Amino acid sequence: MNASSLANRSLKCAGNVRMILPRKFHSRLPGTVQLSKLTGVSRIREMSSSSATRSAPKPLDASNIIFKKAEQLKPVPDWSTLKFGKEFTDHMMIMKWNKETGWGTPEIVPMQNLSFHPATSVLHYGFECFEGLKAYKDDKGVPRLFRPNKNAERMLSTGTRISLPAFDTKEWSEAIRKFVATESRWVPDKRGFSLYLRPTFIGTDAALGVHHCENAMIYVIASPVGPYYSSGFKAIRLCCSEGAVRAWPGGTGQYKLGGNYAPSVLPAAEAAEKGFAQILWLYGEEDYVTEVGTMNCFTVWINKNGEKEIITAPLDGMILPGVTRDSILDIARERLVPQGWKVTEGKYSMKEVAQASKEGRLLEVFGAGTAALVSPVKAINYKGNEINVPLPEGQEAGPITSQISNWILDIQYGKEPNHPWSVPATY
């Protein structure tokens, strides 16, 4: 059988596996000599046969995903009954890595439990990071991803920080796209609803000791979710952090590590007992604004120079580089700057917010993240004083918050189908 016929052939394996063979086969011509210089003398050294035949670790490749279909598919739920993170799709995706062999072929397999040795590195030393992104269905029934390349870049950055292996971000995004195409019936067809995707990157060495991982895995699970606010926007009350800090200079606050989230649960619970929805995380003697809960924070005001300004904390290592944050900044610069608005990434303090409120210059405050998109704020408790954020009468969000939300939602749901941020997830 020649290579041409092999290239067009697919193999059906046991267990409902369909493995698509690559269209092209590339023969490797291993080098047989190596040039080196020792103490200024050139010499030719033959490589050993073992070195000559040893292949380099494979890069991540999404062109040839193995699909093992679940024997029985679940009925999709009533979208109106969805609760965040409680219902999962039929399949998950797994991508494994080994130091010697590199990235294995990605597999889409039936949703299942994972099994690890009790000494596995992720369980002891925090070799774990994750992403959160969503798929949306447009009016034509086409599932769409929103800027998956940005999530890929952030996962690569975070993984590198904790010594997990590198990967090609384009291949990562393509693997996610194909996974969504496989699970497309789980993408709700109503605006406000979506399929939440949770890629997770972990170290899987079955040995104790803190060291670079020689084995790792990315797995992706998916859960259909409803709108963050079931009946439209609901403005929230915040309390400023006292004593606890979320991040510090030189730390890991800019990375999406699981270890950054668990320590925030207790302060958040204490805030909830006092009637607040989230914590506004401050830092330093100046009480610089950083994040609100697990979201980036935006403030809309008339600044001290009399300019209409939208301001958010800078990417100085203290905050997460949110995909929603980046999108808001880009779309505000494109569509609001021509209307006379100034868009700023810079340090600003809660003291300045309080002063702006006192002088009638505070206009809006909102959080931004994948889960809620935007979350309007109606009040902030700062050192025992309640700072009220103005809202239009009878409404739960200000005009800038609402406008930005609508612009981004239109892109996510394909109302602007040719927008580069909207990526169709079809075969």
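The values are calculated or read from the model by the stated rules, or taken from the named source; none is laboratory data. Quick caveat, the model's predicted, so the values are computed rather than measured. Positions of Cβ are backbone-derived with ideal geometry, glycine not excepted, and every protein chain shown enters the neighbour counts. Side chains included, ligands, DNA and RNA excluded: accessible areas come from the protein's heavy atoms. Shrake-Rupley method; radii C 1.70, N 1.55, O 1.52, S 1.80 Å.
Would you mind counting up the charge near VAL300? Only other residues with Cβ under 11 Å from its Cβ, with Lys and Arg at +1 and Asp and Glu at -1.
+1
Considering the dipole of segment 121-237 built from charges on the beta carbon (Lys and Arg +1, Asp and Glu -1) around the Cα centre, which of PHE233, VAL187, PHE146 is farthest to its positive end?
The residue sitting most towards the positive pole is PHE233.
Quick one: grab the alpha carbon gyration tensor of segment 222-320, order the square roots of its eigenvalues as a ≥ b ≥ c, and give me rounded if a/c is under 1.5, else prolate or oblate depending on whether a/b is larger than b/c.
It comes out rounded by the Cα gyration axes.
Of the residues GLY293, GLY284, GLY253, which exhibits the maximal mean-square fluctuation in a Gaussian network model of the chain defined by a 10 Å Cα contact cut-off?
Of GLY293, GLY284, GLY253, the most mobile in the Gaussian network model is GLY284.
Could you list the trypsin sites (Lys or Arg not before Pro) in segment 214-309 that lie in coil according to DSSP, counting only those with at most 15 other Cβ atoms within 10 Å of their Cβ?
Answer in residue order: LYS234, LYS274, LYS304.
State, as an integer percentage, the relative contact order of segment 221-314 based on alpha-carbon contacts under 8 Å between residues 6 or more apart.
Relative CO of segment 221-314 lands at 22 percent.
Excluding ligands, DNA and RNA, what is the solvent-accessible area per residue of the chain at a probe of 1.4 Å, expressed in Å²?
Ligands and nucleic acids excluded, the figure is 51 Å² per residue.
With every protein chain left in place, what is the accessible area of ASP139 in Å² (1.4 Å probe, nearest 10)?
The accessible area of ASP139 comes to roughly 130 Å².
Using a ≥ b ≥ c from the Cα gyration tensor of segment 161-257 (square roots of the eigenvalues), is it rounded, prolate or oblate, where a/c under 1.5 gives rounded and otherwise the larger of a/b and b/c decides, a/b for prolate?
Oblate, since a/c reaches 1.5 and b/c is not below a/b.
Enumerate by residue number the GluC sites (Glu not before Pro) in segment 255-353 meeting two conditions: DSSP loop (anything except H, G, I, E, B), and at most 16 other Cβ atoms within 10 Å of the site's Cβ.
Hits after loop and neighbour filter: GLU285, GLU286, GLU307.
Of all the accessible heavy-atom surface of segment 175-281, with the other protein chains kept in place and a 1.4 Å probe, what percent is carbon and sulfur?
Whole-percent figure for carbon plus sulfur exposure: 54.
Just one of (1) 24.7, 97; (2) 25.0, 84; (3) 22.7, 82 is Rg and Dmax of the Cα atoms in Å calculated from these coordinates, so which is it?
The listed entry that was calculated here is (2).
Might you report the magnitude of the Cβ-based charge dipole of the chain about its Cα centre, with Lys and Arg at +1 and Asp and Glu at -1, to the nearest 20 debye?
With Lys and Arg at +1 and Asp and Glu at -1, about 1480 debye.
How much accessible area does TYR219 have with a 1.4 Å probe, in Å² rounded to the nearest 10?
Its heavy atoms expose roughly 50 Å² to the probe.
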